[in-house]
1. Report, to the nearest whole %, how much of the accessible area of the chain belongs to carbon and sulfur atoms, 1.4 Å probe, protein only.
2. Percent antiparallel among DSSP beta bridges with both residues in the chain, to the nearest 5?
3. Between residue 221 and residue 30, take the C-beta separation as r, use R0 = 35 Å, and let me know the FRET efficiency to the nearest 0.05.
4. Where in the stretch 204-233 is the amide nitrogen less than 18 Å from a point lying 7 Å along the Cα-to-Cβ axis of residue 245?
5. How much of residue 88 can a 1.4 Å solvent probe reach, expressed as accessible area in Å² and rounded to 10?
6. If the viscosity is 0.890 mPa s and the temperature 25 °C, what Stokes-Einstein diffusion coefficient in µm²/s follows for the chain when Rh is the Kirkwood radius over Cα pairs?
7. Residue by residue, what Karplus-based ³J(HN,Hα) values in Hz, rounded to whole numbers, does the stretch 353-360 have, using 6.51, -1.76 and 1.60 with θ = phi - 60° and x for Gly and Pro?
8. Which of the residue pairs 93/427; 400/427; 297/320 have a Cα-Cα distance greater than 19 Å in the structure shown?
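The values are calculated or read from the model by the stated rules, or taken from the named source; none is laboratory data. As the structure is a prediction and not an experimental result, all values here were calculated from the model. As a convention, Cβ positions derive from the backbone with ideal geometry for all residues, glycine included, and neighbour counts pool all protein chains shown. Note: areas computed on protein heavy atoms with side chains; ligands, DNA, RNA excluded. Shrake-Rupley method; radii C 1.70, N 1.55, O 1.52, S 1.80 Å.
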Amino acid sequence: MTYIGRTFRLVCDERAVPVVEGLLRAQGFEFGPEPFYAFARKLIHEPFPLGESLAARFGLIYIQDRSSMLPPLALAPEAGSAVLDMCSAPGSKTSLLSRLVGPQGFVFASEPSADRLATLRANLRRTGSVNTATAKAMAQDLPFDDGTWERIQLDPPCSGWGTVDKNPKVMEVWSGSKTAPLVALQKTLLARAADMLTPGGVVLYSTCTTNIEENEDQVAWALETLDLDLEPLAEPKGFVFAPPLTDGMDGVLRVANDSEGQGFFLARFVKRGGESATAVRGAQKRDLPGTRLNLAKMVGGDGLDLSGLPPGEVYDFGGKAFFLHERALDLIPGAVRWQGFPLGKVAGRAERAKFTPGPLARVLLPGDPARATCDVFDADDTAVLEQLLAGQSVPFRPGKGPVGLYFRGLPVGWLARKGSRLLWSAK
């Protein structure tokens with residue numbers, strides 16, 4: 001079938017772009033570039049649902065409405081910066097922020113719903129967002145000191161009027177006084193974001209609604225009430241923008257519905273001068289309930305490439321190994337129950353402990369399969385990948401331990417070995 005206008009982004013570095021695009025084309029997908037982000041693509045031909053493609057299932061692309069990509073791009077965090085994503089699920093913006101800040105940077109994502117938190121974590125795991133941490137929490141209740149965060153993304157619950165093309169009844173569901181609780185929550189979240197920002201820090205406020213009460217009215221309230229100034233946003237290429245519905249809103253962006261994407265609203269605030277948080281942190285490192293691991297010295301560790309991990313530590317929590325970013329250990333208070341990036345499983349104790357990487361922990365594979373010290377299965381045929389994702393095994397030489405899976409030299413993940421057969425075990 002043909003689908004015009006659907007968008008996605010590549011989840012890889014620049015060198016891997018030809019391989020990921022080749023994987024998509026091998027399955028019959030056709031697409032073109034988007035002008036507002038180098039890794040964004042627009043579908044031209046979709047022979048079957050893009051979410052069922054090999055690239056999507058291996059986490060090498062992320063399907064995302066083009067307007068939804070704008071908030072992280074408008075926040076524009078510098079490489080190495082720390083970002084708080086206050087309302088994170090399902091993780092589309094969180095994983096894009098992860099790419100923008102790079103390995104030295106860090107993104108903390110909160111979500112109060114257990115089901116949506118599970119989706120958030122699954123998407124971050126699939127996209128290899130190793131520089132993230134997550135917590136089940138109401139964003140307004142996060143116990144961070146005032147002046148902690150350099151950058152904050154706030155995409156709060158809203159009426160969603162901008163999604164009317166996909167959700168025809170949304171304006172009926174959220175009409176009249178029904179939006180009042182949303183408006184009140186948005187104010188609460190904006191106020192908390194302002195408190196948590198460092199002086200000169202930035203909060204990007206966005207909604208997928210066209211409702212003035214949740215957009216321009218909230219901006220006016222924030223400028224009158226909070227220690228925030230409005231910083232004008234440039235108009236990204238490839239979109240149609242409607243004028244603000246209130247005077248004095250120069251620099252806010254109101255994405256029109258005829259932009260081949262959702263209607264969206266964006267406003268960028270900068271916090272005025274003041275004091276940053278000066279509390280001494282680091283106690284969290286001593287209070288972690290798990291056991292610190294040295295993967296290089298564990299059974300199975302000799303087949304790993306640890307150079308791709310950002311600064312941080314690896315801990316065993318109940319037989320599961322998680323990477324904890326250095327910035328997470330410094331910033332997150334001990335009162336917060338949080339989770340880092342899952343790397344795999346741990347079995348045994350002390351010097352006999354064995355580590356088995358999870359199928360999606362491709363961060364532990366070298367970028368070049370020729371440098372791998374573990375066994376490598378480098379596929380060149382999409383039929384083999386389809387076979388693995390269908391739950392079927394492929395033949396391989398006998399041996400022990402997991403095997404690195406590559407596609408035309410691109411790290412994809414880890415295969416489990418069963419005798420002389422290999423299996424893909426990710427759910």
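1. Values: 9460 of 18510 Å².
Whole-percent figure for carbon plus sulfur exposure: 51.
2. Working: 54 of 75 bridges.
The antiparallel fraction comes to roughly 70 percent.
3. Details: r = 46 Å, r/R0 = 1.30.
For residue 221 and residue 30, the calculated efficiency is 0.15.
4. Residues passing the 18 Å test: 205-223.
5. Near enough 10 Å² of accessible area.
6. Working: Rh = 22.8 Å.
It diffuses with D of about 108 µm²/s by this estimate.
7. The phi angles translate into 5, 10, 10, 10, x, x, x, 9 Hz.
8. Working: 93/427 23 Å; 400/427 22 Å; 297/320 17 Å.
In this structure, 93/427; 400/427 lie more than 19 Å apart at Cα.
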